[in-house]
Each structure stands twice: as C-alpha cells, then as structure tokens.
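Everything on this sheet refers to the single structure shown next.
The values are calculated or read from the model by the stated rules, or taken from the named source; none is laboratory data. Keep in mind that this is a model prediction, so the values were computed, not measured. Here the Cβ is made from the backbone with ideal geometry for all residues, glycine too, and neighbour counts use every protein chain on show. These area figures cover heavy atoms from the full protein model, side chains too; ligands, DNA and RNA do not enter into them. Shrake-Rupley method; radii C 1.70, N 1.55, O 1.52, S 1.80 Å.
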Amino acid sequence: MLGSGDLGHRVVVRYRTDRGPTDVLGELTSIDDHGLVVRSETGDERRISRTAVLAGKRIGPRPAKFSEILALERVTAAAWPAPETERLGDWLLRAADGWTNRANSALPLGDAGCDLDEAVRACVAFYTARGLTPKITVPLPVRRDVARHLAAAGWIAQPEVLVQTAALDRVITLARAAGQPAGGDIGGAARFAVVRDADGALLACARGAVVEDPARRTGSIAAQPRPAPAQRWLHIALVEVMPHARRRGFGRAVSAALAEWAQGAGATRAVLQVEGHNEPARRLYESLGWRTHHSFVTYHRPPVPAA
C-alpha cells in the first residue's frame, strides 16, 4: 500500500466507485489518513478516500517522448542563450568565449541538412575558427545516432548530465515542509550574494533565502534563475552553496524562493541540469519533487597532434 514515502512519485491506484472498480495513473501529490490525491498526466487531480482504495503501488516514470525531449531542449537553449549562434539546419551552434559547455557546444535537435560527417565537420570548423574546442551536446536517447557517430570517430564523452523537471507547486510544498535553513540568520542586515538576472537587477525572491552573513558566515548561495520566454518554465542554473554552509537547508530554501518567484511570473514547471555523479545534489532535488526527464552527454574532439 502507498505511504508518505511515495509522494511525488508515479503511482497506480485501484479504487471503488459506484460503477465498480477503476484505476488512476499519475503522480501522488497528497496522502494522509483520510485519503490521497493523484494528479494525472493531463493535470487533473483525483481525490480518493482511504476507504475506497483497493490497491496502490509505485511504478517507474513514463519515458519521455522524443518530441518532448526536443521541445524541452529548445526551452533550455532559449533560457541559456549564447552570445553567438549559427544555424546548421536544425542544429544550433553556440559560442560564448568558452564559458560553460552548453553555451559552447553544438546542439543537434533535428536534421542538419547534410549527412552526419558533413555536419560534424561544420561544427569543427565553427569552433576551431573561434579558438574553441569542438563540442557537441547530444540529447539522449533521441540522438543516439549522433552519439554513436561521435564515439566511432574518437570523440571523448564527458560525464552524463540529467535534465530534471518539477512542478513548481510541488517544490514549494516540499521545501516549506522541511522548514528554514539551520543556523542561518535570514533577513535583517544580511548581505545578499546572488547572480543577477539579465537586466542586472537583484531578484527579490532571493531575499530571505540567498544570504551571506559576514558576521556568522552561515552561507552563501549563487543562483541564476532563467524563466524561458513564453514557455511557462523556470530554468534554474548555477546554484551553489559554499562548502562551509552545506547540508543546512540553504539549497532547499533558494529552490523554494525561486519557485515562488516564478509562479508569480506565470510559470508552472521548472527545469534544471545536474551531473549524474553529483549524488548530494540529486538527493536534494529528489526530496523536492524533481524527476529525471532525459539526459545528455557532451562530446569533445580530442586534441589534434601537432604536425
């Protein structure tokens, strides 16, 4: 039977109705002694009393459709714009003076308008002309063909990155349930350290969550929220808690603050990228309702030996 440990996970519940037993499949968003709530993939919420439940179990997440992966990659690309871009059919070539993999790698989202060999050569020429290491970020599993081609050509795979999504209301609810950060002096004369948004304005949502207390040195978090234009998504990036302040709840607090800010701007869901081997971050995000949508791997061409 289902319990509080299943909150935020995909479940199937069989329950009794006047017309006989029926099933509902979706995310378990609430459960207590009186009943439970399951949100379907269409967003409808089914409230079921405990006495009506016949059976329930957690099931694995639904694999994202290829079209959904490509759509979300377009959202994150728009939310993390490179200062220089060039189109190669449905591929996006991006350059930003070497700052971050995403902004300095090609993103193959569809047909390049040529065969893979030619497309890869065009990417190499683009990055070589700018003094950058040629890189291609491959969304998986939708572009396994590109991944196989690059691996066969000797390109080097970097660590896998997970693209995770969450409903903003779920992030807020779970973060509030966890309480305030431990050992923090939030508000008052605290000095805020936050990566500023595109307009250079300090985000009001960071106050009370993103702090650097010069007296107590309780914590400092850098966070860069980017709501993707017209997509109703919040894109969270560059969230870091200083080493001396980790595991006190600051990461959870800033996630909730950004979610509340984004809700006020009309967003309903959020997306972030986390390295697959970053277990502490993955545990934090899972506790706030984040689930892996798909992954990507960035490949870079090995150095060319000097002649």
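Just a few scattered comments:
- In the range 1-18, the residues that are within 17 Å of D169 (Cα to Cα) form Cβ pairs under 6 Å with partners that are open to solvent by 90 Å² or more (accessible area, probe 1.4 Å) and outside any strand (DSSP E or B), at six or more places apart or across chains, as follows: R10/P61.
- Number of the exception - I48 against (1) at pLDDT 95 or above; (2) under 30 Å from L162 (Cβ atoms): (2)
- Residue check for G264: more than 12 Å from the chain's Cα centre (by Cα) and on the phi > 0 side of the Ramachandran plot: no
- Hits in the range 14-49 - residues which are surrounded by 12 or more Cβ atoms within 10 Å (Cβ to Cβ), in contact with a Leu (Cβ under 7 Å, 6 or more places away or on another chain) and not polar (S, T, N, Q): R14, Y15, R16, L28, I31, L36, V38, I48
- Number of residues in the range 257-295 that are of a type in the set (V, I, T) and open to solvent by 70 Å² or more (accessible area, probe 1.4 Å) equals 1.
- Residue within the range 175-189 that is open to solvent by 40 Å² or more (accessible area, probe 1.4 Å), at pLDDT 85 or above and either in contact with a Leu (Cβ under 7 Å, 6 or more places away or on another chain) or hydrophobic (A, V, I, L, M, F, W, C) (or both) present: no
- Selected residue [of a type in the set (G, A, S), surrounded by fewer than 19 Cβ atoms within 10 Å (Cβ to Cβ) and either in contact (Cβ under 8 Å) with a residue 24 or more places away in the chain or closer than 17 Å to H294 by Cβ (or both)] from A78, A129: A78
- One residue from A77, A82 being more than 30 Å from P21 (Cβ to Cβ) and in a helix (DSSP H, G or I): A77
- Out of A151, A178, A166, sole residue that is among the hydrophobic types (A, V, I, L, M, F, W, C), touching a residue at least 40 places away in the same chain (Cβ under 8 Å) and in contact with a Lys or Arg (Cβ under 6 Å, 6 or more places away or on another chain): A178
- Verdict on T298 being at pLDDT 85 or above, within 30 Å of D145 (Cβ to Cβ) and buried (at least 20 other Cβ atoms within 10 Å of the Cβ): yes
- Residue identified as free of Cβ contacts under 8 Å to residues at least 40 places away in the same chain and of a type in the set (D, E, K, R) among R247, R269, R252: R247
- In the range 134-163, the residues that are open to solvent by 10 Å² or more (accessible area, probe 1.4 Å) and part of a strand (DSSP E or B): K135, L140, I156, A157, V161, L162
- Number of the condition not met by G208 [criteria: (1) under 22 Å from R176 (Cα atoms); (2) in a helix (DSSP H, G or I); (3) modelled with pLDDT under 80]: (2)
- Condition check for G60: assigned to a loop (DSSP other than H, G, I, E, B), among the small types (G, A, S), in contact (Cβ under 8 Å) with a residue 24 or more places away in the chain and open to solvent by 30 Å² or more (accessible area, probe 1.4 Å): yes
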